[in-house]
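*Asks:* Before we start, here is the structure in question, set down as structure tokens.
The values are calculated or read from the model by the stated rules, or taken from the named source; none is laboratory data. The structure displayed is predicted, hence computed values, not measured ones. Because the Cβ atoms are built from the backbone with ideal geometry, glycine has one as well, and the counts that use them run over all protein chains shown. Ligands, DNA and RNA are stripped out before the accessible areas are found, and what is left, the full protein with its side chains, is counted by its heavy atoms. Shrake-Rupley method; radii C 1.70, N 1.55, O 1.52, S 1.80 Å.
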Amino acid sequence: VSTQSTGTKNNEMDPREENVYTAKLAEQAERYQEMVEAMKKVAQLGTELTVDERNLLSVAYKNVIGSRRAAWRIISSIEAKEVERNENESKITKVKQYREKIESELTNICNDVLAVLDSHLVPAATTSESKVFYLKMKGDYLRYMAEFSTGDVRKEAGNKALSAYKAAIEAASNDMLPTNPIRLGLVLNFSVFYYEILNSQDEACTLAKQAFDDAISGLDKLTDDSYKETTLILQLIRENLSLWTSNKGDEDDVDKDDGDD
């Protein structure tokens, strides 16, 4: 099935084209949940997404989850301060309930993304680039789930994220140049996973530094467009390495991943 819009003689859009157009309208209006719903319909067609469609889907989910990740960090910090100040129980209970509400929303979003990836996008991927993109995305949303979870749920999400990231790294190493922005974005987020979720500073730094060094040596071969995108991700990797190897990092600093624009 072609991903190109064909249209009919009276210029009506076919369902795929209509959903993509709806997603673009929703993005301009910053109505990201509607953008998600439109792109899910495209993903559920069971055919490979174009690069444009793939990016629309990623942007939609990134914005839906991004605001809630930020909200969770803020409320968790407030909760910790209320407990530290030994505030009255009613305040602590209220903030705890609010945090749990946000966590429920985060869980639903993560499960939604993972279902679309496992049922439609990963099976339909025919190129190395799309396979790496979707496996990275799977690792990312499992990492997000691990961020706010505890106990066995956190452990399970962490183990599944590790497997997804490792599968993505293997595919990227075999078929992509070290300067490829998708490969570098994968390394950026995988190294954040090692540092934040597994508390493995050495693994995080080793992975990030190796990728940084390999990419730097190939920068002179890039076109202007590729150079800009690659160097932007390399800057984020370098900032994380500086933070992780410094003893001056504040505990409130947030490690940079490609979801923190």
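*Asks:* Quick one: among Gly66, Gly158, Gly139, which has the greatest mean-square fluctuation in a GNM of the chain with alpha-carbon springs under 10 angstrom?
*Replies:* Between Gly66, Gly158, Gly139, it is Gly66 that shows the largest mean-square fluctuation.
*Asks:* Give me the percent of accessible area attributable to carbon and sulfur for region 121-261, probe 1.4 angstrom.
*Replies:* Its accessible area is 47 percent carbon and sulfur atoms.
*Asks:* A further question follows. For region 72-123, which trypsin sites (Lys or Arg not before Pro) are both in a DSSP coil and crowded by at most 10 other Cβ atoms within 10 Å?
*Replies:* Arg85
*Asks:* Per residue, how much accessible area does the chain show when a 1.4 Å probe rolls over the protein heavy atoms, in square angstrom?
*Replies:* Each residue of the chain exposes 56 Å² on average to a 1.4 Å probe.
*Asks:* Express in % the proportion of alpha carbon pairs of region 153-192 at distances exceeding 12 Å.
*Replies:* 59 percent
*Asks:* Using Cα-only point scatterers and the Debye equation, what is log10 of I(q)/I(0) for the chain at each q in 0.09, 0.10, 0.12 Å⁻¹, rounded to two decimals?
*Replies:* Debye output, listed in q order: -0.46, -0.56, -0.79.
*Asks:* What is the Cα centroid distance between region 217-233 and region 107-152, reported in whole angstrom?
*Replies:* Rounded to whole Å, the Cα centres lie 27 Å apart.
*Asks:* Let me ask something else. In square nanometres, what is the average projected area of the Cα convex hull of region 12-89?
*Replies:* That works out to 7.2 nm².
*Asks:* Using the Kirkwood radius built from alpha carbon pairs, what does the Stokes-Einstein equation give as D for region 47-92 at 37 °C and 0.692 mPa s, in µm² per second?
*Replies:* 248 µm²/s
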